[in-house]
Amino acid sequence: MKFYLRMEAVNIHQFISDCEDLSTVRGGGLLLLDSPHRLKRKFSLLEPITVGGSSGLFEFNAAGEEEAGKLRDDAESFFNADPQLCHATFVVDITAASGNFLKDRETVLAKNRWRQMQSPTVAVPQATATLPCRTDKVRPGTEWENEEPMSASVKARRAYGRQQKQTFYSRQTGLECPHFVNDFDELTSDASKGNLHHKMAVIHLDGNRFGRLQNEVCDSPEKQREFDVTLRNLRSGMLRQLLEQSFGSAEWTTAKGEHRIETLLWGGDEIVWVVPAWVGLAVLDFFFSHSAAWRFPAKDPGSHPLTHAGAVVFCHHNAPVHRITALAKDLTDMAKDLADHGPENVILYQILESFDDIGRDLEGFARERLPETCAPSSLLLKGGSIGSIIEDSKVLKQDMPRNKVHDIAHALMSQETAEAKRLAEVALRHVPPGVQEKFQALADKLGGELMAWVHLAELWDYIAE
């Protein structure tokens, strides 16, 4: 008999977002990414159908329900006994193949969800201690490092994060990679960048309706496997080109020759990157230019475009990383809601000058940036236009005084539209005709002239010269 087995790491906040230590966060994410592959290596009869960032769907043959149930129990025991993965919470379930793959896939997913509701939010450690972990501040500090108590969970994740930092990119791309920076201080340190010294860009990208697409076209294990392989190859190829183009570049390389990039999430249809603020928009331009032709099935004339929504948060390097990542994900969801024409390549951005802005109501915060006559969707940047927005803005920065741009934007966001239009007319009157044409071209991409002033003012520092 054929069966399907699905495993997933659940309640993962307590494994990847429970502290600010970068090595621990990185280690937690990379351990979850590796978890379905570890299961496959342990149980060779499991054939992968689809493998996400922390989940996997497999098929296998068994004599009957009893033998299949024993494999499920053994898989669950494997996760609980793994010295690193035992600190996360996993659910494992099976269902017999009925001949209707979509129904079977939803059945085993529902079983996972039911089991998740019966699971603890955090994998409860067996050991006890008198002091809490200084890093996660929740688990017992049963280990010691630098004379400070540390939980076994943090110790395992931190060690793995440090160990795998230099190998993750080579495994994904096949490249021989240089060393990468170890922390956000090194990633963002460059006094020559002026206002952007110690500023970072936290980028979140998420596929548009990939789940719905799979429900429509992946009606067999073979089709589901094809989708999984297609997406994985597209992403690894994109990452390879990004690294090849940036290796050795002064913008990306520290004085010690280390590369400036951190990947906090890589799996399924989501990506979270942290890069220096001065290359944030360029990375988004690269991603959307590279992914513009992504489709599934890849060579089918009637194939479906694989589009993404995303967000970038520009902030100081010592901002709380898990809260910034959560903000970026919320902005991505907002971008999807604001898109006028359904799923398309769009992003939102937010510039944080103060940590106090992190917890603000997003819709209210967005309204404060909007001139009175502009729709919320005008806050979006089209993925395919980011490159030309950068180039047009460079020209304007050369001939347009920054203080005038900010005066116009301030008037617009203060709902003083008439005054803003007067200031804009004066500003454009004193620049060459070619610059006026560039401004009009920029306005066409940014939802009109009023929003063009707002975007130009906000992104002024982040448009690379």
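The values are calculated or read from the model by the stated rules, or taken from the named source; none is laboratory data. Please read these numbers as outputs of a predicted model, since none were measured by experiment. In this analysis, Cβ positions are derived from the backbone assuming ideal geometry, glycine residues included, and neighbour counts consider all displayed protein chains. Ligands, DNA and RNA are excluded from the accessible area calculation, which covers all protein heavy atoms including side chains. Shrake-Rupley method; radii C 1.70, N 1.55, O 1.52, S 1.80 Å.
Classified by the C-alpha gyration tensor, the stretch 151-196 has an oblate form. Its axis ratio a/c, with a ≥ b ≥ c, is 1.5 or above, and a/b does not exceed b/c. As a fraction of the 1.4 Å probe accessible area of the chain, surface on carbon and sulfur atoms comes out at 50 percent.
Straight-distance candidates among the lysines for linking to K137, with alpha-carbon spacing under 19 Å and chain neighbours fewer than 8 residues away dropped: K155. DSSP beta bridges confined to the chain are antiparallel in about 90 percent of cases. Can you give me the C-alpha center-to-center distance between the stretch 262-283 and the stretch 125-177, rounded to a whole angstrom? Here the two parts' Cα centres lie 22 Å apart.
Sequentially through the stretch 107-121, phi angles give Karplus couplings (6.51, -1.76, 1.60; θ = phi - 60°) of 5, 6, 5, 4, 4, 4, 5, 5, 5, 4, 5, 9, 9, x, 5 Hz, Gly and Pro residues having no value and appearing as x.
Considering only L22, T173, A282, the residue lying farthest towards the positive end of the dipole of the chain is T173, judged by Cα position with unit charges set on Cβ.
For D136, the residues 5 or more places off, or on other chains, whose built amide H falls under 5 Å of its own are S151.
Charge dipole (Cα centre; +1 on Lys/Arg Cβ, -1 on Asp/Glu Cβ; no other charges) of the chain amounts to roughly 720 debye. A cut-off of 5 Å between modelled amide H atoms, ignoring neighbours fewer than 5 places along the same chain, links F296 with H304, L306. You can think of it this way: the chain between E106 and R402 has 101.1 nm of extra reach, that is 0.36 nm per residue less the Cα-Cα gap. What net charge is computed for the residues neighbouring A152, neighbours being all others with C-beta under 9 Å from the C-beta of A152, Lys and Arg scored +1, Asp and Glu -1? Result for the neighbourhood of A152: +1.
Once the Cα atoms are used to define both axes, helix 321-338 deviates from the longest principal axis of the chain by about 70 degrees. The spacing between the stretch 56-77 and the stretch 198-246, judged by their C-alpha centroids, is 29 Å.
In order along the stretch 151-157, phi translates into HN-Hα couplings of 6, 4, 5, 5, 4, 5, 5 Hz, rounded to whole numbers, per the Karplus curve 6.51 cos²θ - 1.76 cosθ + 1.60 with θ = phi - 60° and x for Gly and Pro. In the chain, the calculated helix contribution to ellipticity at 222 nm averages -14500 deg cm²/dmol per residue, counting -39,500 (n - 2.57) for every DSSP H run with n ≥ 4. Computed from Cα atoms, the angle from the helix 433-445 axis to the main principal axis of the chain rounds to 30 degrees.
Accessible surface for the stretch 326-465, divided over its residues, is 47 Å² per residue with a 1.4 Å probe. When the alpha carbon gyration tensor of the chain is reduced to an equivalent ellipsoid, its three semi-axes come out at 43, 27, 20 angstrom, largest first.
The 3J(HN,Hα) values that the Karplus relation (6.51, -1.76, 1.60; θ = phi - 60°) gives for the stretch 234-251 are, in residue order, 4, 5, 5, x, 5, 5, 4, 5, 4, 5, 4, 6, 9, 4, x, 5, 4, 5 Hz. Gly and Pro appear as x. Taking Cα atoms only, the orientation of helix 22-42 departs from the longest principal axis of the chain by about 40 degrees. Among P320, P36, A159, flag the residue with its Cα farthest along the positive direction of the charge dipole of the chain, charges on Cβ as +1 for Lys/Arg and -1 for Asp/Glu. Checking the options against the dipole of the chain, the answer is P36. Protection proxy ranking of 153-165, 231-243, by the mean of other Cβ atoms within 10 Å over each peptide's residues and highest first, is 153-165, 231-243.
Taking label points 7 Å from Cα along the Cα-to-Cβ direction, K2 and D337 give a separation of 4.1 nm.
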